[in-house]
Each structure stands twice: as C-alpha cells, then as structure tokens.
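The values are calculated or read from the model by the stated rules, or taken from the named source; none is laboratory data. Because the structure is a prediction, the values reported are computed rather than measured. Neighbour counts run over all protein chains shown; Cβ positions are idealised from the backbone, glycine included.
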Ligand SMILES: O=C(O)CC[SeH]
C-alpha cells in the first residue's frame with residue numbers, strides 16, 4: 001500500500017535539514033575533514049569553514065563573530081551560561097554581598113515558570129544543593145508573559161542573573177526581553193557597590209521564525225539551537241564582548257584549547273558547517289520565512305474555527321502579546337477529547353500536545369502555569385507549522401481532526 005500522506009506540524013520539536021545544509025555537511029565530510037588546529041592545508045581548510053560558520057551565526061543575531069562559541073546544543077549552552085553566573089557570583093562574593101538577610105549569602109537567579117527544562121532543572125538543582133537561590137516568576141494568565149515589574153521587583157543584592165526565554169516552545173508567546181534589559185540597565189547603573197546583574201535569553205524557539213538581534217534585545221548572553229531552524233543538532237552561545245570581564249564566561253570542560261579555551265574538544269567541523277549554512281539561509285530569508293509561517297498558521301486557525309466553531313480555545317493567543325508566527329496551541333473543548341487521544345486517532349497529522357521532552361499523556365505544565373484550566377489544558381494540541389507547510393496540508397489536517405474527533409465522540 002502506498003505510504004499514506006502524513007503532515008508534520010511539530011516544527012517546534014525539531015525541523016528537517018534544508019537541502020543546502022545537507023550539502024554543506026556532505027561537502028565538509030569529504031573536503032574539510034582535517035583537524036582545524038593543524039597548520040597544514042587540511043587543517044586550514046577546516047578552520048576556514050568554522051570561521052565562516054561563526055560569521056554567519058553572528059550575522060544571524062546581529063553579533064560580532066568573536067562573541068560566538070559553538071556548543072553541542074541548547075542544553076549545553078544554557079547549562080554553561082548558568083554555571084558561569086554561579087562562578088561569577090562566587091568570585092564577586094568572595095567578600096560576601098553587603099547587608100541583606102541569609103538569602104543574600106547565595107547567588108540569586110530570577111527566571112520564569114515557562115522555561116525549557118535545560119534552564120528550569122539546572123536552577124532547581126542549584127537550589128536543591130544549596131548553591132544558589134532562585135525566584136521563579138509566574139507568567140500572567142492575561143498575557144502568557146512574565147511581567148517585567150514582577151521580574152525586576154524580585155531583584156536582591158545577591159541577584160547575579162536574570163534568565164528568561166525569548167519565546168515559549170508551547171504557546172509561542174514572545175517574552176518582554178527588550179523591556180527587561182532596558183530597565184535592568186538602569187538598575188545596574190544604580191547598583192554601585194554590587195556586581196552587575198547578567199541577562200540571558202534562550203532564543204531556541206525564536207531564531208528562524210522572527211528577527212533576533214542581540215543589540216536590540218540588550219542581552220549579555222543568548223542561546224542558539226540549530227535543529228530548530230533547519231540546521232543540525234548542535235548549537236552556539238552569544239556572549240557580549242567575550243573576553244571582557246564585564247560579561248564573563250567560564251568553561252565547563254577543560255582540554256585542548258579549542259574555542260579559545262571556553263569550549264575545548266576537537267571541533268565538529270561538519271555540523272558547524274551545517275549550522276553556518278542554516279544561519280546564512282535565515283539571514284537571507286527571515287522575512288519570507290516569517291510571512292509564510294504566519295500566513296499558514298493564521299489559515300490553520302481560521303479553518304479550526306470553521307470546523308469546530310465555539311469549541312476552539314486558542315491557548316497561546318493573547319490580545320496584548322506577540323507570539324511566534326508558526327505556533328498554534330489549541331484545545332477542542334469536550335470531556336472526551338484529551339489531546340493525546342485526538343492525536344492517537346489522527347491518521348495524517350503528526351504533532352504533540354506540548355514539549356517533546358515532556359510526557360504526552362498529561363496536561364502541559366506550561367499551560368497550567370499560565371492559568372489555562374485543567375479541563376482545557378488536557379485537550380491541548382501544539383500545532384507548529386514549518387517552511388514547507390502548505391494550505392493544502394492544513395486542509396488535510398482539518399479533515400483528519402474532524403474524523404478523529406468524530407471517532408472519539410461517537411465511539412466509531
Ligand atoms: O518544545 C519541544 O518540543 C522541544 C523542546 Se523539548
């Protein structure tokens with residue numbers, strides 16, 4: 001039997017590689033296999049690829065190439081940046097933070113309750129082992145965002161870092177990073193005798209969907225994740241004026257000195273070549289990507305409402321908040337339609353009820369965290385469209401959802 005048509009709407013989980021990215025990887029496998037640290041031609045060719053990729057990644061986020069360090073992916077990048085803040089705080093806390101109660105004896109982090117596990121669990125672990133204290137600022141049920149004043153009012157003398165994701169992977173809601181950085185700059189200027197509070201954003205879900213510019217955002221650190229924008233499963237971090245003491249970076253690994261000793265280990269040249277090509281495509285096409293994604297996602301939401309009328313609840317759509325152009329978090333209201341059951345009854349649609357790294361059989365903690373009622377959250381579907389998604393694909397998905405819902409509601 002011919003393979004039945006499948007429509008993939010889980011691009012926030014991961015994306016396929018663009019053909020040009022595959023080409024760059026394949027070429028590098030056969031042509032730039034040398035050790036980039038070697039001084040002979042084979043090494044020089046490999047190093048040239050890495051330097052070019054670094055420039056492309058930097059261009060993609062409006063950064064200097066000297067401020068980019070390649071990593072194995074978003075999890076390593078987020079861990080490295082948070083661990084850096086701990087070490088930065090302890091170096092500056094050698095004489096302890098002035099004043100304050102016992103809370104000020106530990107480096108303090110401020111984050112949201114929306115973060116990916118590679119931020120959330122790192123901070124929970126630091127708190128549990130007594131290395132740091134953490135304030136998880138709850139996002140607003142009215143906006144799906146953290147409130148800027150709630151974030152800033154959590155600041156203490158011992159606060160060393162604020163880390164908030166740029167866009168949420170489940171709702172698509174874009175967080176107010178630029179506003180946080182503008183107000184934090186003023187606060188840092190007034191914190192005369194206290195160390196600067198560092199600002200990090202995990203941009204994994206935003207890059208390749210909206211324009212991301214580190215100067216516009218005003219962040220000190222930013223995390224890049226290749227497999228979210230049609231690149232390979234490696235990543236990079238941005239560190240403002242890397243090497244300047246104002247914004248430190250401490251290695252988690254020690255070894256052969258690669259990546260200026262910040263991230264040693266013989267470079268994964270072929271994957272870095274792919275990441276650089278994916279970044280180059282984003283630089284060239286981001287407006288086109290963004291327009292296509294929002295056109296198809298908006299068409300999807302129109303068709304969902306035509307098919308299911310007032311039973312549709314859009315969990316990531318807020319009147320005053322921007323969201324990613326490709327993400328639709330939707331619940332079809334009914335006591336028989338848990339999201340995972342709907343997906344199990346779909347024949348064509350490939351999607352998720354929330355983050356791939358979370359259980360697919362329980363309501364999303366993120367939706368519950370922004371105040372979505374449990375009866376609505378358990379019916380959620382996270383539909384995320386991609387560069388190749390067409391309106392015909394959406395029409396097929398709508399028909400597939402209608403038949404799946406009929407099956408569940410009428411026990412067909
Ligand atoms: O949101 C996703 O599915 C990727 C992170 Se686990």
| The listed residue being crowded, with 24+ Cβ neighbours inside 10 Å, within 21 Å of residue 294 (Cα to Cα) and within 16 Å of the ligand (Cβ to nearest atom), out of 171, 223 | 171
| query | For segment 341-374, how many residues meet the condition of being away from the ligand (no atom under 16 Å from the Cβ) and more than 23 Å from the chain's Cα centre (by Cα)? | reply | 9
| message | One residue is enough: does segment 127-141 have a residue meeting the conditions farther than 26 Å from residue 382 by Cα and crowded, with 24+ Cβ neighbours inside 10 Å? | response | no
| said: Given the criteria at negative phi and under 18 Å from the mean Cα position of the chain (by Cα), does residue 242 qualify? | reply: no
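Give the residue, chosen from 335, 298, that is under 30 Å from residue 179 (Cβ atoms) and either away from the ligand (no atom under 14 Å from the Cβ) or in a helix (DSSP H, G or I) (or both).
Of 335, 298, the one residue that is under 30 Å from residue 179 (Cβ atoms) and either away from the ligand (no atom under 14 Å from the Cβ) or in a helix (DSSP H, G or I) (or both) is 298.
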| request: Can you work out which of the residues in segment 219-229 that are part of a loop (DSSP other than H, G, I, E, B) and closer than 17 Å to residue 167 by Cβ is farthest from the chain's Cα centre (by Cα)? | output: 219
| query | Among the candidates 30, 14, which residue alone is within 16 Å of the ligand (Cβ to nearest atom) and out of contact with any strand residue (DSSP E or B) (no Cβ under 9 Å at 6 or more places or on another chain)? | reply | 14
| task | Would you confirm whether any residue within segment 75-93 is more than 16 Å from the ligand (Cβ to nearest atom), modelled with pLDDT under 95 and at positive phi? | result | no
| field | residue 142 being within 19 Å of the chain's Cα centre (by Cα) and under 24 Å from residue 327 (Cβ atoms) | value | no
| Out of the residues in segment 176-208 that are in a loop (DSSP other than H, G, I, E, B) and in contact with a strand residue (DSSP E or B) (Cβ under 7 Å, 6 or more places away or on another chain), which is farthest from the ligand (Cβ to nearest atom)? | 195
| If you go through segment 286-329 one residue at a time, how many are surrounded by fewer than 21 Cβ atoms within 10 Å (Cβ to Cβ) and within 18 Å of the chain's Cα centre (by Cα)? | 5
| Any chance segment 155-166 includes a residue that's under 16 Å from residue 114 (Cα atoms), within 16 Å of the ligand (Cβ to nearest atom), at pLDDT 95 or above and within 16 Å of the chain's Cα centre (by Cα)? | yes
| request: Would you confirm whether any residue within segment 122-142 is free of Cβ contacts under 8 Å to residues at least 12 places away in the same chain, within 16 Å of the ligand (Cβ to nearest atom) and out of contact with any strand residue (DSSP E or B) (no Cβ under 9 Å at 6 or more places or on another chain)? | output: no
| query | What is the residue count in segment 375-403 for residues that are surrounded by 22 or more Cβ atoms within 10 Å (Cβ to Cβ), over 23 Å from the mean Cα position of the chain (by Cα) and under 11 Å from residue 330 (Cβ atoms)? | reply | 2
| Tally of residues being under 30 Å from residue 358 (Cβ atoms), part of a loop (DSSP other than H, G, I, E, B) and modelled with pLDDT of 95 or more across segment 1-54 | 10
